[in-house]
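Here's the structure, in structure tokens; my notes come after.
The values are calculated or read from the model by the stated rules, or taken from the named source; none is laboratory data. All figures in this text were calculated on a predicted structure; none of them were measured in a lab. Please note: Cβ atoms are built from the backbone with ideal geometry, for glycine as well, and neighbour counts cover all protein chains shown. To get the accessible areas, we keep the full protein, side chains included, count just its heavy atoms, and leave off ligands, DNA and RNA. Shrake-Rupley method; radii C 1.70, N 1.55, O 1.52, S 1.80 Å.
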Amino acid sequence: MIAIDTTTSIIIGLVIGLVCGIAAVTAFYQLGFSKKNKSQDEARDNAEMIAQKELMEAQKTGESRKRELLLQAKEEIHKSKLELEKDIKERKLELQRDRNRIEQKEENLDKKVEALEAKEDALESRVSDVLAMEEKAREIEKQKIYELEKISNLTVEEARTFVLDQARLEYRHDFAVMLKQMEETAKEEADNKAKEIIVNSIQRYAADYVSENTVSVVTLPNDEMKGRIIGREGRNIRAIETITGVDLIIDDTPEAVILSSFDPIRREIARITIEKLIIDGRIHPARIEEMAEKARKEVDAVIKQEGDRAAFDTGIMGLHPEIIKLLGKLKYRTSYGQNVLQHSLEVCWLSGMMAAELNLDIMMAKRAGLLHDIGKAVDFEMEGSHISLGADIAKKYKEGPTVVNAIMSHHGDVEPDNLISVLVAAADAISAARPGARRENLETYVKRIQKLEEIANSFEGVEKSYAIQAGREIRIMVKPETIKDDDMILKAREICKKIEEEMDYPGQIKVHIIRETRATDFAK
């Protein structure tokens, strides 16, 4: 860098001298032209002399400047050389120190490796000793087991079974007490939370129930109308039954005709047909057929309207048109006197409210609740239970696996695989168990009570059982000499499990086990 600066200085000096010469020549020409009265020869001679003089001065100045720059450059080069030699010497010293440190670390590392190798050899030796000792211990254990079996005349498995049996008998009471405490604690916590969720949901949605029958009654303006409905030789009543597919019951009931059919939609079509015929006044087979067709179209329109209303009111979007139509059909379907569409709407709202309390998918819970009984819209037309039919319908119209599982598991036929299915089953039980929501005929009620008592009496040690509270509670008397106090908790659990497996019932059944010991004597 210093050498480059020196060369630059020399070039600058030469340029300065050249510029001075050019300036002298220029001045010469200017002087020659300014003196017009002198002759050209004299002017040229003077100019040449001046130019030579100026050039000689410029050369002297350039040479002097050149010598100064060269001297300065030599001084700078000498100074830089001294600094460079000093820096190189310092770097050599630093490198030597680094080399010494590395050599010291290598020596320490070699020593550590040697120590580790020595420890590894010692460890391998100890491992060999431990393995030999373990083998010897196993041999001693086998010998001890052989001696113990020889002394006790029992094998190891027989001794283990004997000890476990003894422990089971000894700690049966403690186990029963512990089980009861754990159950009570878990039930208390779960019941409190469940009651809070259910009560909140029921309070937010309260519906009125109207009991519905499987027959329809058409009111007549007078008893004379019965004869017109029957027609000459019964042709009108036969035409009505054939066209609508229902049975007409005309008895001594004043001013009324009873319609009976297992198909609620047919029964509704027949009711509307007869009412139209009464208003029209013309009752004959051709008119009956015409009115039945009009009634069928009206019922179809009502079915579509009710399905759309159910989907709109619940805010469930994306339902297939056929599913909406099936929802509308549920308006005319009853279960134990309970309207199935109203029941489905209530299950929908209750499922959504409970899902909101548990931070689950509210719309999915409402969708599953609304469609859980969709199979009841076709179970009087097709073979199979409403659960299997409903699951097939949901699969056919591309409903999700959560909805399908909720339909299949809401009566316990399959295990629920998600929390929404559990909520739908709970909401279904709540809706069905409302006071006045469902009616049970006498024959079914008696059979359920008898079945409940038969299950309780089938257990050993049961002396007598009584189903009370309309079958929602059973009290069981046990033989005190057969069933001990410690066995009562386990026996109650066994009875509950069998009831759950063999019976279908709304809500829950409370099992009471009563054990009483009496002592009797006579004073003579």
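When nucleic acids and ligands are ignored and a 1.4 Å probe is applied, SER128 ends up with an accessible area of around 70 Å².
Extension gain, LYS304-GLU275: 0.36 nm per intervening residue step, less the Cα-Cα distance, totals 8.3 nm. Modelled spin labels at THR253 and GLU224, positioned 7 Å past Cα toward Cβ, are 2.3 nm from each other. Taking amide H positions as modeled 1.01 Å from N, with prolines and chain starts lacking one, no residue 5 or more places away or on another chain lies under 5 Å from TYR505.
Taking every C-alpha pair closer than 8 Å and separated by at least 6 residues, the mean separation divided by the residue count of segment 310-438 gives a relative contact order of 24 percent. For PHE312, PHE162, the ranking by accessible surface with the largest value first comes to PHE312, PHE162, using a 1.4 Å probe. Taking label positions 7 Å along the Cα-Cβ direction at both GLU381 and GLU141, the computed distance is 7.1 nm, reported to one decimal. Tell me, what is the FRET efficiency for VAL177 and GLN104 to the nearest 0.05, using R0 = 60 angstrom and their Cβ-Cβ distance as r? Here the calculated transfer efficiency is 0.25. Over all directions, the projected convex hull of the C-alpha atoms in segment 211-273 averages 4.3 nm² in area. Legend: distances between Cα atoms for LYS464/LYS510; LYS329/LYS398; LYS304/LYS396; LYS329/LYS451; LYS297/LYS395; LYS479/LYS510; pairs beyond 23 Å are LYS329/LYS451; LYS297/LYS395. Less than 5 angstrom separates the built amide H of SER335 from those of VAL340, all sequence-distant by 5 or more or on a different chain. Take every Cα pair under 8 Å whose residues are at least 6 apart in sequence, average their separation, divide by the length of segment 283-346, and the relative contact order is 27 percent. Suppose R0 equals 51 Å. What FRET efficiency, 1/(1 + (r/R0)^6) with r the Cβ-Cβ distance, do TYR466 and ASP129 give to the nearest 0.05? Plugging the Cβ-Cβ distance into 1/(1 + (r/R0)^6) gives 0.10. Take the Cβ atoms of VAL414 and ALA190, set R0 to 22 Å, and the FRET efficiency comes out at 0.45. Here is the list for segment 341-404: GluC sites (Glu not before Pro) lying in DSSP coil, each with at most 10 other C-beta atoms within 10 angstrom of its C-beta, are GLU381, GLU383.
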